[in-house]
Amino acid sequence: MNARLCNDLDVENPWTGPMLHEKVDFCKQVIVRAGDLVMEGFGQARTMQMKGPQDYLTEFDGRCEALLRQAVADAFPGDGFFGEEGGGAGNAPRLWVVDPIDGTANFARNIPHFCIAIAYVENGRAEFGAIYNPVLRELHFARRGEGATLNGRPIRVSAVASAQAATVELGWSSRIEKGDYLETMSGLLDLGLNVRRAGSGALGLAYVADGRNEAYAERHMNSWDCVAGLLMVEEAGGRICSFEGDEKILRGGPVLASVPGLADSISRVVGIQLA
Ligand code: LIP
């Protein structure tokens, strides 16, 4: 019985049901091992390439993705791998979606705000995800239906319900029109929100899940930056946009995650629908 049919019939999938625990344990271990590799390069002078305007690439992006790609291939040879740097079969029924360094510009400038992001997706839907900042040794994790944690301790979204006391992180990349970004920022400021941008979308979403941000919005994010963090926010009691299906995994899309009390007003300003 294939994975999609198991999902349709809502029966335990022999391929991933019992194995899912094994994959969860593997994910938590391999992301820390990848973090140790990335830390070998943090704080060092290094050569940087530019993939595009404000889009950095360092040797450690490539080395980290290669480590993760090989580890998944060795442990779970039947699974697909879709990474920021090397791509892959983004429509595989069992798929690892990986950003080896999210916040590369920060990493390249020795700013300690970057992470490794891994999401495990079955038939276009995230089942678990991990986001690891190796500088702070903070591991955010969520498994569908089982809550979200930071270093093993349960996390919940912020209880702040007033815009005048809330912070939204508004992500940006050169794919986003300047006018759109400025107009969106202006609308959020008009709501009374503090608007910031810290340079890692995955960490921005993880911080919504643990209460350090009240919301995260970005006009377009790639799947490797957002799939893990969106599951974390959902499991931590927040509201999120829909981000399921092969098309979103392959091409990305708009992202919004928010505490419930501010979700509708922020959704209206940024023009991103919630699920
Ligand atoms: C990106 C950040 C950007 C953020 C994107 C993504 P990467 O990281 O530079 O600020 O808005 O969502 O996280 O992977 O391109 O370094």
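The values are calculated or read from the model by the stated rules, or taken from the named source; none is laboratory data. Since the model is a prediction, treat every value here as computed from it, not as a measurement. Note that each Cβ is placed from the backbone with ideal geometry, even for glycine, and that neighbours are counted across all protein chains shown.
For residues that are without any contact (Cβ under 8 Å) to a residue 12 or more places away in the chain and more than 20 Å from Ala119 (Cβ to Cβ), tally how many sit in the stretch 16-41.
1
Take the conditions in contact (Cβ under 8 Å) with a residue 12 or more places away in the chain and surrounded by 24 or more Cβ atoms within 10 Å (Cβ to Cβ) and apply them to Leu250. Does it pass?
Values: in contact (Cβ under 8 Å) with a residue 12 or more places away in the chain: yes; surrounded by 24 or more Cβ atoms within 10 Å (Cβ to Cβ): no.
Criteria not met by Leu250.
So is Arg197 in the same structural domain as Ala257 (by TED's automatic domain parsing), closer than 30 Å to Gly41 by Cβ and either of a type outside the set (Ser, Thr, Tyr) or touching an Asp or Glu at 6+ places or on another chain (Cβ under 7 Å) (or both) or not? Before you say what the answer is, go through the steps one by one.
On the way: in the same structural domain as Ala257 (by TED's automatic domain parsing): yes; closer than 30 Å to Gly41 by Cβ: yes; either of a type outside the set (Ser, Thr, Tyr) or touching an Asp or Glu at 6+ places or on another chain (Cβ under 7 Å) (or both): yes.
Spelling it out, Arg197 is indeed in the same structural domain as Ala257 (by TED's automatic domain parsing), closer than 30 Å to Gly41 by Cβ and either of a type outside the set (Ser, Thr, Tyr) or touching an Asp or Glu at 6+ places or on another chain (Cβ under 7 Å) (or both).
Could you please find all residues in the stretch 47-78 being within 16 Å of the ligand (Cβ to nearest atom), surrounded by fewer than 16 Cβ atoms within 10 Å (Cβ to Cβ), closer than 18 Å to Asn110 by Cα and without any contact (Cβ under 8 Å) to a residue 40 or more places away in the chain?
Initially, the stretch 47-78 is screened for residues within 16 Å of the ligand (Cβ to nearest atom), giving 48-65, 68.
Subsequent filtering for residues that are surrounded by fewer than 16 Cβ atoms within 10 Å (Cβ to Cβ) retains 48-55, 59.
Those still in the list that are closer than 18 Å to Asn110 by Cα too: 48-50, 54-55, 59.
Listed by number, the residues that qualify are Gln49, Met50, Glu59.
Given the criterion touching a helix residue (DSSP H, G or I) at 6+ places or on another chain (Cβ under 6 Å), touching a residue at least 40 places away in the same chain (Cβ under 8 Å) and within 14 Å of the ligand (Cβ to nearest atom), identify the matching residue among Pro93, Pro100.
Values: Pro93 fails: within 14 Å of the ligand (Cβ to nearest atom).
None of the other options fit; the residue is Pro100.
Would you check if Asp264 is free of Cβ contacts under 8 Å to residues at least 12 places away in the same chain and either touching a Lys or Arg at 6+ places or on another chain (Cβ under 9 Å) or buried (at least 17 other Cβ atoms within 10 Å of the Cβ) (or both)?
Working: free of Cβ contacts under 8 Å to residues at least 12 places away in the same chain: yes; either touching a Lys or Arg at 6+ places or on another chain (Cβ under 9 Å) or buried (at least 17 other Cβ atoms within 10 Å of the Cβ) (or both): yes.
When the stated conditions are applied, Asp264 passes them.
Given the condition more than 18 Å from Pro254 (Cβ to Cβ) and more than 15 Å from the ligand (Cβ to nearest atom), answer yes or no: does some residue in the stretch 194-208 qualify?
yes
Restricting the stretch 178-193 to residues that are buried (at least 20 other Cβ atoms within 10 Å of the Cβ) and not polar (S, T, N, Q), which is farthest from the ligand (Cβ to nearest atom)? I'd like the intermediate steps shown before the answer.
Filtering the stretch 178-193 for residues buried (at least 20 other Cβ atoms within 10 Å of the Cβ) gives 184, 188, 193.
Going one step further and asking which of them are not polar (S, T, N, Q), we end up with 188, 193.
Working: Leu188: 15, Leu193: 17 Å.
Result: Leu193.
For Gln44, work out the one condition from (1) under 22 Å from Gly252 (Cβ atoms); (2) free of Cβ contacts under 8 Å to residues at least 40 places away in the same chain it doesn't fulfil.
(1)
Return the residues of the stretch 216-239 that are surrounded by 24 or more Cβ atoms within 10 Å (Cβ to Cβ) and within 14 Å of the ligand (Cβ to nearest atom); say none if nothing qualifies.
Once the filter is applied, which keeps residues that are surrounded by 24 or more Cβ atoms within 10 Å (Cβ to Cβ) and within 14 Å of the ligand (Cβ to nearest atom), the stretch 216-239 yields Tyr216, Ala217, Glu218, Met221, Ser223, Trp224, Asp225, Cys226, Val227, Ala228, Gly229, Leu230.
Could you tell me which residue of the stretch 103-116 is nearest to the chain's Cα centre (by Cα), considering only residues that are near the ligand (Cβ under 8 Å from one of its atoms) and not in a loop (DSSP other than H, G, I, E, B)?
First, pick out the residues of the stretch 103-116 that are near the ligand (Cβ under 8 Å from one of its atoms): 103-107, 114.
Now restrict to residues that are not in a loop (DSSP other than H, G, I, E, B): 104-107.
Values: Thr104: 14, Ala105: 16, Asn106: 16, Phe107: 17 Å.
Only one residue tops the list, namely Thr104.
Sort out which residues of the stretch 117-146 are within 16 Å of the chain's Cα centre (by Cα) and outside any strand (DSSP E or B), and write them in order of number.
Gly124, Pro134, Arg144
Residue under question is Glu138, and the condition is that it be closer than 22 Å to Leu20 by Cα and either assigned by TED's automatic domain parsing to the domain that holds Ala228 or away from the ligand (no atom under 15 Å from the Cβ) (or both); does it hold? It would help to see each step written out before you state the result.
On the way: closer than 22 Å to Leu20 by Cα: no; either assigned by TED's automatic domain parsing to the domain that holds Ala228 or away from the ligand (no atom under 15 Å from the Cβ) (or both): yes.
No, not satisfied.
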